[in-house]
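The values are calculated or read from the model by the stated rules, or taken from the named source; none is laboratory data. Because the structure is a prediction, the values reported are computed rather than measured. No Cβ is skipped: glycine too gets one built from the backbone with ideal geometry, and neighbour counts run over all protein chains shown.
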Amino acid sequence: MEISLLNGAFLGVIYGLIAIGLVVVYRVTRIINFAHGEIGMIGAFVFADLWLDHDLPLVLAVGAGIAVSALLGVITEFVVIRPLRGQPRLTVMVGTLGVSSLLLVYAVRRYSPRPRFARPVIEGNGFEIAGLLVRPVQILTLVVALAILALLALVMFKSSFGLRLRATALDSEAAAEVGVRVGRVSMGTWAIAGAIAGLSAILVSSQVVFSAFFMSRLMLRALAAALLGGLTSVTGAFAGGIFLGMAEGVIGFQWIAPGAVEASLAVLVMAVLIVRPKGLVAAEY
Amino acid sequence: MSRRPIRKLIGLVAVLALVAAACGDDDSSDTQATTAPTATTQASESTAAPETTAAPETTQAPVPTEGVTDDTITVSVVAGFTGLFGEVIEGIYVSGMETWLEDVNARGGVNGREVVLKKVDHQETAEGGIAACQEVLSNGSYTAILVQGTGPQAAAADCLDDAGFTNLVWTADDSFVNSWGSSYTIFPSEEGQGALLADFVSANASPDEKVGVVLLNVPVYTRIGNAFVDRATANGLDVVETVTVEFGQASFTPQLIRMEEAGVTTVAMFVTNEAIQIATDATTIAGFAPDYTGALFEFDFVTQAAPGVLDGATGLRISATVDTPEFAAFQALAAQYERSSVLDGEAFLYYGYGLILEEVLRQAGENPTADSLISGIEGISGFATGVLPPITWGSGDLVGSDGMFPTVCCSDINAWAADGPASSDF
Amino acid sequence: MPNSTDTRSASFASRLREKLRSHRPTTKTTLQIGLPTVLLLLIAPITSDVTLFKIGLLLLFAVAAVGLHVLVNWAGELSLAHAGMVGLPALVVAKLSSDHNLSPLELAPIGILIGFALGAVVAATARRVSGLYVTIVTLAAGLAIDRFFFTKPWLVGTGNLKLTAPRLAGLEFGSIQAIYPIIVVVFIGSVFATRRLLDSKLGRALLTVRSDPTIAQAQGINVPAYRAAAYMFAGALAGLAGGFMPLWAQRVTPDSFPLELSFTYLAVVVVAGRGSINGVLGAALLIEGFRQFLSGTSFIAAYLGPVALIVTLTRFPGGLNQFGRMIGGQLAGVVGRFRPGRSPGDAEG
């Protein structure tokens, strides 16, 4: 049981890391970006291509992967989100579904739908805790997630961009009236979220089966994690991810009936939302 | 015109159409108990012209057989040619079946006729399978070969079977295979493959072997896996744990911990890509180093995506591995006909489909008819290509092969390697 | 003593009954129903079985999409469980038919009841949350249906369900040519019943609820009851489509109702936009029709779907209905030039 919980916690770090990116977009635009996973996935494929197939140094390949995802975030904002400003949120969300579908089609045609080799960005023997071998890449993912949370806090509360971002999140029309260039803030937000998606995908690609679909599948859990965290709180989303991962660990260990894990997690999320419609965590950040 | 006549007229047309449609079907329902399409079928043709071969001796002109001309013979190939995996299937088809097609036609065709293949898409859904069946029945094909898919291809083959249209289908589950009269399977049924694997594992098991089974929560995987469990248990194997996992699950550690606690020594996996992660996750559990076997993950694209992870795993394959001389010959042929875009085990399998199709068409005779197709298929005995297991059909025996190829992971190119000839007796 | 909720529900039901009863067929209505019916029926003899089969699938898809249209574009609600709400009734009907040798035609109405009940369950869950939370709650419900129910042997058998021959009142329907008129009736009936519903006070009440629930409440509209009714109506139409799916396809597998299908339904109603059912039919034809008839592995075919979705949304955020209104307005303007004194009419509804 302890191993399941521990393993679940590391699994939850993955869900939480992806959920952070979702919340970053949601805070400013009030929409769920269904293309978040695919934006990251493309970055991970670019990284793998450059690092493994073209022998580019690791740091450069990681940078290129993140840059591509950030760029895709910006393009999505420019092509889909901006023209749909003022439209019902559902319309905008379906727009992101279109982007998600487009990127998936591209990845399948460019890289094949089949799994491909993914080497962890950091290798080593790892260390054992309570009978579970923790791999270096899992620790790195945790460190990166915490670093992203800290960086976001810095940007949000200690920079002028953060001030503009918070103002836009609070009331975009009022922010525009006092001189905030809402369009730029929105684009910056999508770039940050895209970069987080790319970095998440690069780290996660070696921890799951790496194929064009790997982020799409994790997105459902990340969405649930973001909701459990109240959708507007990045720390809440991260905590929600860890809660969900640990719940999955315990349920997966205890209940082996077909569909039991998926069904019980779905019921758990629904139950939490019914009891606490604003999520488990009521944090501002 | 006043209002009433308009309403009456439209109502009358609608009612007449409904009644005519329902009544008009009474005739066909006498001969056919299901809702299969009522397009012209081979069965009805065969009753009209039972012996086309005798035609030259009479003064009557021979009744033409659907899909057969003096120069060509047309066959439908049914697979999931569209969707996200469509391009992969297309690539395999081009490298595998088109290599055979080019080759057979370069050799003068079959019985002097050029072979023409028509691709028919089942869209990876059951209703897509029915649409594919209707297309096969109406596109002027002599026969069809269904080479890929589970539910969709079973639906298509069942629909063709209802229509009495003789066809070859790679495999299906027992509930269909046991009910068919016109759909001939090439390989053992899905449950048959699970049982055969259980025999294979039992034959190689140590007395204190404890087996844990991982089933992907998708019908075809559970069908094969459950058949494995039933036969393994009957064989006296100790199956101590059976867990079900999900498609794309991010971690299998919770399920593997159960296995470790149950003392599992061999994990039998009925999954595909997930096999990579199951074997990887198992390495993180201290003291857990099981052997691996199972079904549906013995693809080269799985092992090549995770070099070393599945080393030592064993299993059974429906087609030969890429380390065989037959594969080398296929490679050379594909290069000759410039069909080398996808040269893997699956393209090799599709090439094998071409070879068995060629034999079926050859056995159907120089004057192919619906009847000669059936007698041709049922006349095939011990047809060995080295690509597929030896195939024998007979009257009332619609399952072509009851054997499979033992295989082990992995060769120096991280592909599955041969571990003996195809067999049904382990 | 009846509580206020019961009274409001009773009032809601009685208004619905009254509306349906008060409807008198006119020549216009007869033409609106009769012409499409006859045109759809006339397709059958002139088309191949495979094309007719795909048309039937498209009609059933449209029936389910119309239900979601009412939920999303009229009530302002959301569901990502729609594929499950079509699939579960379809599999229940198929399993009953397969196991007990019952005609799927006689069993089809059960689909409506199951869909209705599922709608009620989702409505009860969605009642506690609002906005985007509904997205996730319904997504979770869809996931639970897909991963739990669609994998159970007592529902899906071995995964391939084959049905018995459809029959009704002694008549056997042994070919798709024979079954097709039934599908046409289901389609036309659903579309026009929904249209009548939306033209009524009910439709207007739903619009008010969507625009501002507080104002709706102030006007005496029972907002929770209308929200729940929209979910149940969407569920019933999904169940209707699902119930008739086994009759049409004759073989049913859970693969036909993947979770992603819910996103397709949602995309269809968003591309349709607020307003007329015509938009849904157009969007269904565009998205599902494309998949049925024009899909392929070519470069253009692979990218056309998502690109068309993005372009349609960004060029016409109000969907095809907005586009239709724009074209209608322009046509009316052209006509108006020749007929002074008449202004372009509003095409919505």
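Can you find, within segment A:80-99, the residue that is farthest from A:Thr168 (Cα to Cα) among those that are within 8 Å of chain C (Cβ to nearest Cβ) and among the polar types (S, T, N, Q)?
Among them, the one singled out is A:Thr91.
Would you point out which residue out of A:Met246, A:Met215, A:Met187 is surrounded by fewer than 24 Cβ atoms within 10 Å (Cβ to Cβ), within 14 Å of chain B (Cβ to nearest Cβ) and in contact with a helix residue (DSSP H, G or I) (Cβ under 8 Å, 6 or more places away or on another chain)? Let's see the steps before the verdict.
On the way: A:Met215 fails: surrounded by fewer than 24 Cβ atoms within 10 Å (Cβ to Cβ); A:Met187 fails: within 14 Å of chain B (Cβ to nearest Cβ).
Result: A:Met246 is the single residue among A:Met246, A:Met215, A:Met187 that is surrounded by fewer than 24 Cβ atoms within 10 Å (Cβ to Cβ), within 14 Å of chain B (Cβ to nearest Cβ) and in contact with a helix residue (DSSP H, G or I) (Cβ under 8 Å, 6 or more places away or on another chain).
Return the residues of segment C:33-50 that are part of a helix (DSSP H, G or I) and more than 9 Å from every other protein chain (Cβ to nearest Cβ); say none if nothing qualifies.
Answer for segment C:33-50, where residues must be part of a helix (DSSP H, G or I) and more than 9 Å from every other protein chain (Cβ to nearest Cβ): C:Pro36, C:Leu39, C:Leu40, C:Ile43, C:Pro45, C:Ile46.
Collect the residues in segment B:236-255 that are small (Gly, Ala, Ser) and more than 8 Å from chain A (Cβ to nearest Cβ), keeping them in residue-number order. Break it down stepwise before answering.
First pass over segment B:236-255, keeping only residues small (Gly, Ala, Ser): B:236, B:248, B:250-251.
Hit for segment B:236-255 is B:Gly236, nothing else.
For (1) among the β-branched types (Val, Ile, Thr); (2) within 25 Å of C:Leu52 (Cβ to Cβ); (3) away from chain B (no Cβ under 12 Å), each residue gets a yes or a no:
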| position | (1), (2), (3) |
| --- | --- |
| C:Thr214 | yes, no, yes |
| C:Ala228 | no, no, yes |
| C:Ala236 | no, no, yes |
| C:Arg251 | no, yes, no |
| C:Val270 | yes, no, yes |
| C:Gly275 | no, no, yes |
| C:Ala283 | no, yes, yes |
| C:Pro317 | no, no, yes |
| C:Asn321 | no, no, yes |
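In segment B:151-167, how many are assigned to a helix (DSSP H, G or I) and in contact (Cβ under 8 Å) with a residue 60 or more places away in the chain?
Looking only at segment B:151-167, we keep the residues that are assigned to a helix (DSSP H, G or I), and these are B:151-162.
Filter once more, keeping what is in contact (Cβ under 8 Å) with a residue 60 or more places away in the chain: B:151-153, B:156, B:159, B:162.
Of the residues in that region, 6 qualify.
In a helix (DSSP H, G or I), within 17 Å of the chain's Cα centre (by Cα) and of a type in the set (Val, Ile, Thr), is that true of A:Thr141? Outline the logic, then answer.
Details: in a helix (DSSP H, G or I): yes; within 17 Å of the chain's Cα centre (by Cα): yes; of a type in the set (Val, Ile, Thr): yes.
When the stated conditions are applied, A:Thr141 passes them.
Here is a yes/no grid of residues against (1) assigned by TED's automatic domain parsing to the domain that holds B:Gly149; (2) surrounded by fewer than 20 Cβ atoms within 10 Å (Cβ to Cβ); (3) closer than 30 Å to B:Ser395 by Cα:
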{"position": "B:Ser182", "(1), (2), (3)": "yes, no, yes"}
{"position": "B:Ala198", "(1), (2), (3)": "no, no, yes"}
{"position": "B:Ala205", "(1), (2), (3)": "no, no, no"}
{"position": "B:Gly212", "(1), (2), (3)": "no, no, no"}
{"position": "B:Val218", "(1), (2), (3)": "no, no, no"}
{"position": "B:Phe228", "(1), (2), (3)": "no, no, yes"}
{"position": "B:Asn235", "(1), (2), (3)": "no, yes, no"}
{"position": "B:Thr253", "(1), (2), (3)": "no, no, no"}
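Condition first: modelled with pLDDT of 85 or more and touching a Pro at 6+ places or on another chain (Cβ under 8 Å). Can you find one or more residues in segment C:299-312 that meet it?
Scanning segment C:299-312 turns up no residue that is modelled with pLDDT of 85 or more and touching a Pro at 6+ places or on another chain (Cβ under 8 Å).
Quick test for you: out of A:Glu123, A:Glu128, pick the one residue that is more than 24 Å from C:Tyr303 (Cα to Cα), outside any helix (DSSP H, G or I), touching a residue at least 12 places away in the same chain (Cβ under 8 Å) and among the charged types (D, E, K, R).
Just a single option satisfies the conditions, and that option is A:Glu123.
Looking at segment C:153-169, which of the residues that are of a type outside the set (Ser, Thr, Tyr), within 7 Å of another protein chain (Cβ to nearest Cβ) and touching a Pro at 6+ places or on another chain (Cβ under 7 Å) is farthest from C:Ala126 (Cα to Cα)? Give the derivation first.
To start, the set of residues in segment C:153-169 that are of a type outside the set (Ser, Thr, Tyr) comprises C:153-157, C:159-163, C:165-169.
Okay, now just the ones that are also within 7 Å of another protein chain (Cβ to nearest Cβ), so C:156, C:159-160, C:162, C:165-166.
Now restrict to residues that are touching a Pro at 6+ places or on another chain (Cβ under 7 Å): C:156, C:159, C:166.
Numbers: C:Val156: 28, C:Gly159: 31, C:Pro166: 37 Å.
This residue is C:Pro166.
Residues being in contact with a Ser or Thr (Cβ under 7 Å, 6 or more places away or on another chain) and acidic (Asp, Glu): count how many of those fall in segment B:200-215.
Adding up the residues that qualify gives 1.
Taking C:Glu172 as meeting all but one of (1) facing chain B (nearest Cβ under 9 Å); (2) touching a residue at least 12 places away in the same chain (Cβ under 8 Å), write down the number of the exception.
(2)
I'd like to verify a number: residues in segment B:257-275 that are over 24 Å from the mean Cα position of the chain (by Cα) and either within 12 Å of another protein chain (Cβ to nearest Cβ) or of a type in the set (Asp, Glu) (or both), how many?
6
Return only the number of the condition from (1) under 22 Å from the mean Cα position of the chain (by Cα); (2) farther than 30 Å from B:Asp291 by Cα; (3) at pLDDT 95 or above; (4) not charged (D, E, K, R) that B:Ala332 does not satisfy.
Only one criterion in (1) under 22 Å from the mean Cα position of the chain (by Cα); (2) farther than 30 Å from B:Asp291 by Cα; (3) at pLDDT 95 or above; (4) not charged (D, E, K, R) is unmet by B:Ala332, namely (1).
Would you check if there is a residue in segment A:26-35 being assigned to a helix (DSSP H, G or I), small (Gly, Ala, Ser) and surrounded by 24 or more Cβ atoms within 10 Å (Cβ to Cβ)?
Looking only at segment A:26-35, we keep the residues that are assigned to a helix (DSSP H, G or I), and these are A:26-29.
Still in the list and also small (Gly, Ala, Ser): none.
Checked segment A:26-35: no residue is assigned to a helix (DSSP H, G or I), small (Gly, Ala, Ser) and surrounded by 24 or more Cβ atoms within 10 Å (Cβ to Cβ).
Considering each residue of segment B:394-421, count those that are closer than 23 Å to B:Gln304 by Cβ, assigned to a loop (DSSP other than H, G, I, E, B) and of a type in the set (A, V, I, L, M), and give that number. Break it down stepwise before answering.
Residues of segment B:394-421 closer than 23 Å to B:Gln304 by Cβ: B:404-420.
Now narrow it down to the ones that are assigned to a loop (DSSP other than H, G, I, E, B): B:410-415, B:419-420.
Pick out the ones that are also of a type in the set (A, V, I, L, M) and you get B:413, B:415.
Residues flagged as closer than 23 Å to B:Gln304 by Cβ, assigned to a loop (DSSP other than H, G, I, E, B) and of a type in the set (A, V, I, L, M) within segment B:394-421 amount to 2.
From the residues in segment A:252-267 that are at the interface with chain B (Cβ under 8 Å from one of its Cβ atoms) and of a type in the set (Val, Ile, Thr), which one is nearest to A:Gly12 (Cα to Cα)?
Step by step, filter segment A:252-267, then rank; the result is A:Val261.
Looking at C:Ser190, C:Ser200, can you tell me which residue is more than 8 Å from every other protein chain (Cβ to nearest Cβ), surrounded by fewer than 19 Cβ atoms within 10 Å (Cβ to Cβ), in contact with a helix residue (DSSP H, G or I) (Cβ under 9 Å, 6 or more places away or on another chain) and over 30 Å from B:Gly149 (Cα atoms)?
Working: C:Ser190 fails: surrounded by fewer than 19 Cβ atoms within 10 Å (Cβ to Cβ).
The conditions single out C:Ser200.
Those residues that are within 17 Å of B:Gly129 (Cα to Cα) and of a type in the set (S, T, N, Q), I need them from segment B:65-82; list them, please.
B:Ser76, B:Thr82
Condition first: over 12 Å from the mean Cα position of the chain (by Cα) and within 11 Å of chain C (Cβ to nearest Cβ). Now tell me which residues in segment B:162-180 satisfy that. Quick ask: steps written out before the conclusion?
The initial filter retains those residues of segment B:162-180 that are over 12 Å from the mean Cα position of the chain (by Cα), namely B:162-166, B:174-176, B:178-180.
Scanning segment B:162-180 gives B:Asp162, B:Ala163, B:Asp174, B:Ser175, B:Phe176, B:Ser179.
Yes or no, residue by residue, for (1) touching a Pro at 6+ places or on another chain (Cβ under 7 Å); (2) more than 8 Å from every other protein chain (Cβ to nearest Cβ):
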position	(1), (2)
B:Thr82	no, no
B:Phe85	yes, no
B:Met97	no, yes
B:Trp100	no, yes
B:Gly108	no, yes
B:Ala131	no, no
B:Asn139	no, yes
B:Tyr142	yes, yes
B:Leu160	no, yes
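Quick check on segment A:57-79. Is at least one of its residues closer than 29 Å to B:Pro307 by Cα and either assigned to a loop (DSSP other than H, G, I, E, B) or within 14 Å of chain C (Cβ to nearest Cβ) (or both)?
The answer is yes; a qualifying residue exists.
Starting from segment A:224-245, keep only residues that are closer than 14 Å to A:Gly21 by Cα and touching a residue at least 12 places away in the same chain (Cβ under 8 Å), then list their pairs with residues that are hydroxyl-bearing (Ser, Thr, Tyr) and outside any helix (DSSP H, G or I) whose Cβ atoms are within a distance under 8 Å, requiring at least 6 positions of separation or different chains.
The qualifying pairs are A:Ser233/A:Tyr285; A:Val234/A:Tyr285; A:Thr235/A:Tyr285.
Among the residues of segment B:102-150, which ones are buried (at least 24 other Cβ atoms within 10 Å of the Cβ), in a helix (DSSP H, G or I), among the hydrophobic types (A, V, I, L, M, F, W, C) and in contact (Cβ under 8 Å) with a residue 60 or more places away in the chain?
The answer is B:Cys133, B:Val136, B:Leu137.
Show me the helices (runs of 4 or more DSSP H) entirely contained within segment B:290-393 in which 1 or more residues are free of Cβ contacts under 8 Å to residues at least 40 places away in the same chain and more than 30 Å from B:Val229 (Cβ to Cβ).
Result: B:325-336, B:345-363, B:370-378.
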